[in-house]
Amino acid sequence: MTESDPYFIKICGMTTLGDANAAIDAGASAIGLILASSPRQLTLDRALAIAAGTKDRVLRILVFRDNDDESIIQALELIDADFVQLHGPVSDELSRQLRKRSVRVIKALSIGTEEFFEFDDGDVDAVLIDGAAPGSGASHSWDELADRSFAAPIIAAGGLDSMNVAEIIVGTTVWGVDVASGVESSPGVKDRDQMKHFIEQSRTAFRERAKS
């Protein structure tokens, strides 16, 4: 997957257009709009408003976890998203429907699980590597990345914040990073200073890694 940016910084769990605009102004590559059970879950109407208000300014990613195929397709018929991020099984029919709509796919994998080691990433645009409880904000080990190669670009998630993101970028080959709770004052409420600091730290680390 080729983007104008050499790296990918996603702020997930947006709940207001104001926070989304602040993330864009701070230099985020992408925003995540969650349509699954979560403290940051959006209604379709709210997700549509944020996606429409940020169109052509940032990559807009709809996040699903164990949603049925019909609800995912219905959401995409309403919301003009750039990506879907899928947690849980992905049926062949859903894959076909997503390709038919030219929607790019990020497949979320929990590190160390059977799916992490066995999933064929040849048909997705990126893999997002998270911990055992995606969305919890809990940190986890990255050691298994040394034992598993992926064809698709890798996005690191799970327990990231401005204090540890540089270490993870420099210590791995990840193409992108994803944060939600690590830049919040409370669930679903983004702290704009924390978002800015996270993005600055991430960009600096990616640049430093490119030099080495």
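No value in this document is a laboratory result; all are computed from the given coordinates. Computed from a prediction, not measured in an experiment: that's the story for all the values here. Backbone-built Cβ (ideal geometry, glycine too); neighbour counts: all protein chains shown.
Tabulated values for the structure
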read-out: Calculated FRET value between S37 and A151, using beta carbons and R₀ = 30 Å, to 0.05; value: 0.45
read-out: Global geometry of the stretch 122-212, whether rounded, prolate or oblate, following the gyration tensor of its Cα atoms and the 1.5 cut on a/c; value: oblate
read-out: Summed side-chain charge close to F150 - residues other than F150 whose Cβ falls under 11 Å, Lys, Arg +1, Asp, Glu -1; value: 0
read-out: Overall dimensions of the stretch 9-192 as given by Cα atoms, namely Rg and Dmax in Å; value: 15.3, 42
read-out: Highest-MSF residue in the chain out of D82, D123, D92 [GNM, Cα springs under 10 Å]; value: D92
read-out: Lysines with Cα under 25 Å of K55, excluding same-chain neighbours fewer than 8 positions away; value: K10, K100, K107, K190, K196
read-out: Cα centroid of the stretch 146-212 to Cα centroid of the stretch 85-112, whole Å; value: 22
read-out: Loop-located trypsin sites (Lys or Arg not before Pro) in the stretch 72-169, at most 14 other Cβ atoms within 10 Å (DSSP); value: R101
read-out: Amide N proximity, the stretch 156-190 versus R209 label position 7 Å along Cα-to-Cβ, cut-off under 14 Å; value: 156-158, 160-161, 164-179
read-out: DSSP bridge pairs, the chain: antiparallel proportion in percent, nearest 5; value: 5
